[in-house]
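The values are calculated or read from the model by the stated rules, or taken from the named source; none is laboratory data. Everything numeric here is computed off the predicted structure, so don't read it as measured data. In this analysis, Cβ positions are derived from the backbone assuming ideal geometry, glycine residues included, and neighbour counts consider all displayed protein chains.
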Amino acid sequence: MTMCGPKNCGCWHNYPERGWIQFLLMRILYEKPMHGYQLLEEIEQRSGGYHKLEPGSIYTLLRRMEERGFLESKWEKVEGGPDRRIYHLTDKGIEALKMGLESIIKRKMLFEDLAKFYRENFEKTERR
């Protein structure tokens, strides 16, 4: 497993923006514990319908995050329906979220500079 950033946020790759969905899930669970189907709906709503994950994908990701210690889950009894697993962020998950978002913010500054360069040099006039 490769860690992102100098502080090792716990990602499994070098670039936290590749794991943006992980950070979105952690951010949502930081606000409120919920079950997988709620997370699917929340992601779709927050993205204006642009991002729709398959249930199998989100549950695989949640399992991996739980194995890494970022999440914990417990079963909730539901009257008249199947029991469901409720996920919540652990202290390790909160720290990973914080460090990952710090890394994304630093990269965002670089991307903003590149976008500014593009606007100044290529957007209004075509260079020859």
task = Would you confirm whether any residue within region 6-19 is farther than 11 Å from SER103 by Cα, part of a helix (DSSP H, G or I) and either at pLDDT below 95 or under 13 Å from the mean Cα position of the chain (by Cα) (or both)?
result = yes
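Being assigned to a loop (DSSP other than H, G, I, E, B) and within 18 Å of ARG27 (Cα to Cα) is the filter here, so list the residues in region 53-76 that pass it.
Restricting attention to region 53-76, the residues satisfying the condition of being assigned to a loop (DSSP other than H, G, I, E, B) are 53-54, 68-70.
Selection gives LEU53, ARG68, GLY69, PHE70.
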remark   = Per the filter on region 35-52, residues of a type in the set (Gly, Ala, Ser) and assigned to a helix (DSSP H, G or I) are GLY36
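Evaluate the following for SER103: is it part of a helix (DSSP H, G or I) and among the polar types (S, T, N, Q)? Even if it seems obvious, please write down each step before you answer.
Working: part of a helix (DSSP H, G or I): yes; among the polar types (S, T, N, Q): yes.
The answer is yes for SER103.
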key: Answer from GLY80, GLY100 - the residue that is surrounded by 11 or more Cβ atoms within 10 Å (Cβ to Cβ) and not aliphatic (A, V, I, L, M)   = GLY100
note = Within region 44-77, residues at pLDDT 90 or above, exposed (fewer than 13 other Cβ atoms within 10 Å of the Cβ) and touching a helix residue (DSSP H, G or I) at 6+ places or on another chain (Cβ under 9 Å) come out as none
query = Which one of the conditions (1) under 16 Å from TRP20 (Cβ atoms); (2) among the aliphatic types (A, V, I, L, M); (3) at pLDDT 95 or above does MET34 fail to meet, given that it meets all the rest?
reply = (1)
